[in-house]
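Take a look at the structure set out below.
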Amino acid sequence: MEIVTQEGAALTVDSFSALAEDSPLRRYDDSDEHSKVDKLLGSGKVADILLWRDEKKTFNCFLLLVLLYYWFFLSGRTFITSAAKLLMMIIVSLYGYSMLPANM
């Protein structure tokens, strides 16, 4: 029974290895060839963010968009009021940042 199990496990590993090598995502891993979407997006930082190549930057951009959407549309304030409060927060943050010592 144990020999059959080991043989089955080996066949499974071999088949998954073959599937991973034939994966469409594997095609663009180590090559200089870019996909059509990558070429349309300009092959730069925007393409990396939109195509989820850099998950941390993509998540941060998504979170920023959600926060801005909430701030401007779901908060119940007018657009002018929301923009004024946002600018006020930016100004206060920059002023506080300027008060920090240079060699921190």
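The values are calculated or read from the model by the stated rules, or taken from the named source; none is laboratory data. Everything quoted here is computed from the prediction, not taken from an experiment. FYI the Cβ positions are ideal-geometry reconstructions off the backbone, even for glycines, and counts take in every protein chain you see. For the accessible areas, the whole protein counts, side chains as well, though only heavy atoms, and no ligand, DNA or RNA atoms are used. Shrake-Rupley method; radii C 1.70, N 1.55, O 1.52, S 1.80 Å.
Tabulated data for the structure shown
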| read-out | value |
| --- | --- |
| Test: residue in segment 62-69 that is open to solvent by less than 100 Å² (accessible area, probe 1.4 Å), among the hydrophobic types (A, V, I, L, M, F, W, C), modelled with pLDDT of 85 or more and under 8 Å from the mean Cα position of the chain (by Cα) | no |
| The one condition in (1) over 12 Å from the mean Cα position of the chain (by Cα); (2) open to solvent by less than 100 Å² (accessible area, probe 1.4 Å) that LEU87 fails to fulfil | (2) |
| In segment 52-89, the residues that are hydroxyl-bearing (Ser, Thr, Tyr) and touching a Ser or Thr at 6+ places or on another chain (Cβ under 7 Å) | SER75, SER82 |
| Within segment 33-56, considering residues that are open to solvent by 100 Å² or more (accessible area, probe 1.4 Å) and part of a helix (DSSP H, G or I), the one modelled with the lowest pLDDT | LYS39 |
| Residue check for ILE49: β-branched (Val, Ile, Thr) and in contact with a Ser or Thr (Cβ under 9 Å, 6 or more places away or on another chain) | yes |
| Among residues of segment 70-82, those that are open to solvent by less than 90 Å² (accessible area, probe 1.4 Å), at pLDDT below 90 and on the phi < 0 side of the Ramachandran plot, counted | 6 |
